[in-house]
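Below are the structure tokens for one structure; questions will follow.
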Amino acid sequence: QVQLVESGGGLVQPGGSLRLACVAAGTIYSNDFMGWFRQGPGKEREFVAAINWRLGKTWYTDSVKGRFRISRDNADNAVYLQMNNLKLEDTAVYYCALSKSEYINYQPASYNYWGQGTQVTVSS
């Protein structure tokens, strides 16, 4: 069993930055994937970014490439999402998730554990 706790959300102006953190209580195995998803008002939950725990290889959805960066700290059992040049359309609840799949997945159903979410609001 793994528990995930996110932090770092808030209100930011367009063009601003935020750094989300997700700390895991429990064991993350080397082949696991840690991901960030988001769900905007009236929208479905969508993939944002993921990282392979052992290799550190990363994946991003096209809309955040060049603006967001996912990273992990194996010693602290934590994953981070640095979000720069935030746009109005980035407003959403952001969720941290853990996948036990052998391969990268972009669908929420492929992730086994979820955090409670943290609100990110981009507004002028």
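The values are calculated or read from the model by the stated rules, or taken from the named source; none is laboratory data. What you see is a predicted model; the values in this text were computed from it and never measured. Ideal geometry is used to build each Cβ from the backbone, glycine not excepted, and the neighbour counts take in all protein chains shown. Areas reflect the complete protein model, heavy atoms only, side chains present, ligands, DNA and RNA absent. Shrake-Rupley method; radii C 1.70, N 1.55, O 1.52, S 1.80 Å.
Within the stretch 29-42, track down each residue that is open to solvent by 20 Å² or more (accessible area, probe 1.4 Å) and within 17 Å of the chain's Cα centre (by Cα).
Within the stretch 29-42, the subset open to solvent by 20 Å² or more (accessible area, probe 1.4 Å) is 29-31, 39, 41-42.
Scanning the stretch 29-42 gives a single hit, Gln39.
Can you go through Ala49, Ala24 and tell me which one is open to solvent by less than 20 Å² (accessible area, probe 1.4 Å), without any contact (Cβ under 8 Å) to a residue 40 or more places away in the chain and either farther than 17 Å from Val64 by Cα or in a strand (DSSP E or B) (or both)?
On the way: Ala24 fails: without any contact (Cβ under 8 Å) to a residue 40 or more places away in the chain.
Result of the check over Ala49, Ala24: Ala49.
Taking the condition at pLDDT 95 or above, within 25 Å of Asn112 (Cβ to Cβ) and either open to solvent by 50 Å² or more (accessible area, probe 1.4 Å) or not in a strand (DSSP E or B) (or both), does Arg69 pass? Steps first, answer last, please.
Details: at pLDDT 95 or above: yes; within 25 Å of Asn112 (Cβ to Cβ): yes; either open to solvent by 50 Å² or more (accessible area, probe 1.4 Å) or not in a strand (DSSP E or B) (or both): yes.
Yes; evaluated as a whole, the condition is true for this residue.
With the condition kept exactly as written, say whether any residue in the stretch 70-78 is under 13 Å from the mean Cα position of the chain (by Cα) and more than 14 Å from Cys22 (Cα to Cα). Steps first, please.
So in the stretch 70-78, the residues under 13 Å from the mean Cα position of the chain (by Cα) come out as 70-72, 78.
Imposing the further condition that a residue be more than 14 Å from Cys22 (Cα to Cα) reduces the set to none.
No, there is no match, as no residue in the stretch 70-78 is under 13 Å from the mean Cα position of the chain (by Cα) and more than 14 Å from Cys22 (Cα to Cα).
Residues of the stretch 80-105 being modelled with pLDDT of 95 or more and in a loop (DSSP other than H, G, I, E, B), which ones?
Asn84, Asn85, Leu86, Lys87, Thr91
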